[in-house]
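*Asks:* First the structure, which I've put down as structure tokens, then a few questions once you've had a look.
The values are calculated or read from the model by the stated rules, or taken from the named source; none is laboratory data. Quick caveat: nothing in here was measured; it's all calculated off a predicted structure. Methodologically, a virtual Cβ is constructed for each residue, glycine included, from the backbone with ideal geometry; neighbour enumeration extends over all protein chains shown. Heads up: the accessible areas ignore ligands, DNA and RNA and are worked out on the full protein's heavy atoms, side chains in. Shrake-Rupley method; radii C 1.70, N 1.55, O 1.52, S 1.80 Å.
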Amino acid sequence: MNLPDFFDKVPRITLRDPLADLLGSVTGGLMSYGYADAVRLAGHSCPTVASAYWLGVRAIKTLYGDDMPTRGAIEVNLRDPLESGTVGVVANVLGLLTGAASDSGFAGIGGQFVRRGLLHFNANIETELRFTRTDTGQAVLAQAYPHRVLGNPQTMRLMQLCLSAQATDEQRIEFGGLWQQRVQRILLDHAWDDNVFELRAA
């Protein structure tokens with residue numbers, strides 16, 4: 001798969017998944033995820049997918065510090081309803097990272113490793129997201145503002161040409177390049193910009 005080079009520059013995250021360990025899915029249950037995994041899940045790379053991935057990574061690292069995070073032991077609350085805008089995309093990416101699932105998730109084995117019911121919508125929270133450790137109750141509020149990272153002025157004009165089937169092959173390539181340039185800036189240039197990614201203790 002020929003992905004943009006900058007995908008590999010985005011920091012990955014490793015978590016220990018006790019279920020994967022029990023079932024022998026991976027040695028030690030250690031699961032590693034990168035931005036490319038989020039893109040494969042969503043089927044595309046955009047500011048929403050990028051923001052969900054990076055907010056998830058930063059929130060998990062904030063909750064666990066230097067300790068190895070536990071996949072399947074993080075509850076995720078989203079402020080908006082599932083049907084709203086890109087909420088479903090965000091939820092899918094965060095479910096990949098944390099293991100959290102809604103009512104359709106894994107029901108567990110012998111009352112353990114339950115993932116169902118760890119992902120909630122319409123939450124009464126101040127920010128877009130809240131991540132909570134199920135073992136300690138420690139929580140982090142998180143919000144992304146990708147709209148504050150502006151794209152090239154030509155991007156929307158080229159998008160309209162592409163959507164209306166009027167773009168040349170060169171214009172389609174140019175549009176894709178400009179689109180990913182903005183994603184790259186969000187993930188690399190603004191990764192630690194508090195005006196773009198807000199995280200604070202709940």
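*Asks:* State whether the residues of the stretch 112-125 include one that is within 21 Å of GLU198 (Cβ to Cβ), within 18 Å of the chain's Cα centre (by Cα), crowded, with 16+ Cβ neighbours inside 10 Å and touching a residue at least 60 places away in the same chain (Cβ under 8 Å).
*Replies:* No, because not a single residue in the stretch 112-125 is within 21 Å of GLU198 (Cβ to Cβ), within 18 Å of the chain's Cα centre (by Cα), crowded, with 16+ Cβ neighbours inside 10 Å and touching a residue at least 60 places away in the same chain (Cβ under 8 Å).
Residue-by-condition table, conditions (1) under 18 Å from the mean Cα position of the chain (by Cα); (2) in a helix (DSSP H, G or I); (3) not polar (S, T, N, Q):
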| residue | (1), (2), (3) |
| --- | --- |
| THR132 | yes, no, no |
| LEU150 | no, no, yes |
| GLN166 | no, no, no |
| GLY176 | no, yes, yes |
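The rows are residues; the columns are (1) without any contact (Cβ under 8 Å) to a residue 60 or more places away in the chain; (2) open to solvent by 20 Å² or more (accessible area, probe 1.4 Å); (3) charged (D, E, K, R); (4) closer than 21 Å to ALA100 by Cβ.
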site: ASP8; (1), (2), (3), (4): yes, yes, yes, no
site: ARG12; (1), (2), (3), (4): yes, yes, yes, yes
site: LEU15; (1), (2), (3), (4): no, no, no, yes
site: ALA20; (1), (2), (3), (4): yes, no, no, yes
site: VAL26; (1), (2), (3), (4): yes, yes, no, yes
site: SER32; (1), (2), (3), (4): yes, yes, no, yes
site: ALA38; (1), (2), (3), (4): yes, no, no, yes
site: ALA42; (1), (2), (3), (4): yes, yes, no, yes
site: SER45; (1), (2), (3), (4): no, no, no, no
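*Asks:* Please verify whether LEU63 is buried (at least 19 other Cβ atoms within 10 Å of the Cβ) and farther than 24 Å from LEU150 by Cα, treating the condition exactly as stated.
*Replies:* Criteria met by LEU63.
*Asks:* With respect to LEU129, determine if the residue is crowded, with 21+ Cβ neighbours inside 10 Å and of a type in the set (A, V, I, L, M, F, W, C).
*Replies:* Answer is yes for this residue.
*Asks:* While we're looking at this one, here's another question. Consider THR134 carefully, then state whether it is farther than 25 Å from PRO47 by Cβ and either in contact (Cβ under 8 Å) with a residue 40 or more places away in the chain or touching a helix residue (DSSP H, G or I) at 6+ places or on another chain (Cβ under 9 Å) (or both).
*Replies:* yes
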